[in-house]
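Computed from the coordinates by the stated procedures, all read-outs in this text should not be read as laboratory data. Bear in mind the structure is a predicted one, so any value in this text is a computation, not a measurement. In this analysis, Cβ positions are derived from the backbone assuming ideal geometry, glycine residues included, and neighbour counts consider all displayed protein chains.
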Amino acid sequence: MNTTKATTRGKYDDLTQQVIGIFYDVYNELGPGFVESVYREAMRLALVQACLTVATEVPIAVRFRDTVIGTFRADLIVNGVVLIELKTCEALSREHESQTLNYLKATEIEVALLMNFGPVARFKRYTMDNVRKRPVLKSVESVQIGVKPLAQTEVTR
């Protein structure tokens with residue numbers, strides 16, 4: 001079977017590899033210890049210098065039943081297809097991963113990079129196909145929870 005790299009690689013893999021390389025370049029130049037906004041601006045500048053389109057602090061609406069119930073700001077969106085969430089902490093946690101996955105779920109973007117400019121540079125790559133983001137209508141069986149009426153309980157003395 002003759003498969004090409006393009007068919008075996010992930011969605012926007014070439015772009016994410018380029019962004020990851022830029023992440024390490026920025027980390028190696030600045031080192032750890034700055035606040036997130038410094039790394040965000042350095043990443044923006046380095047991505048633009050690499051001829052990529054970059055939007056920063058992009059407001060994204062969170063919807064529930066066709067109503068906007070909140071907004072968040074994506075740190076960076078590259079070429080309109082890769083969302084980047086930046087952190088400056090000791091280590092990435094489940095909360096950071098959940099935040100990034102929720103950002104993906106709330107947008108039409110299907111690829112995200114969670115990048116940590118902590119003591120050790122680390123990143124994680126996430127994908128979520130738009131088909132998986134559609135709400136699944138499920139019916140949950142209702143159950144009554146409560147106390148039995150007094151007539152149905154045994155009283156012992």
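Any idea which residue in the stretch 56-94 is farthest from Pro119 (Cα to Cα), counting only those that are free of Cβ contacts under 8 Å to residues at least 24 places away in the same chain and of a type in the set (Gly, Ala, Ser)?
Top of the filtered list is Gly70.
Scan the stretch 99-111 and report the pairs whose first residue is within 14 Å of Val131 (Cβ to Cβ) and in contact (Cβ under 8 Å) with a residue 40 or more places away in the chain and whose second residue is surrounded by fewer than 18 Cβ atoms within 10 Å (Cβ to Cβ) and of a type in the set (D, E, K, R), with Cβ atoms within less than 7 Å and a gap of 6+ or a chain change.
Partner pairs satisfying both residue conditions: Glu110/Lys11; Glu110/Asp129.
Filter the stretch 92-121 for residues that are among the hydrophobic types (A, V, I, L, M, F, W, C) and crowded, with 20+ Cβ neighbours inside 10 Å; which is farthest from Val19 (Cα to Cα)?
Leu104
Restricting attention to the stretch 61-109, which residues are in contact with a Gly (Cβ under 7 Å, 6 or more places away or on another chain) and acidic (Asp, Glu)?
Glu90 - this is the single residue of the stretch 61-109 that is in contact with a Gly (Cβ under 7 Å, 6 or more places away or on another chain) and acidic (Asp, Glu).
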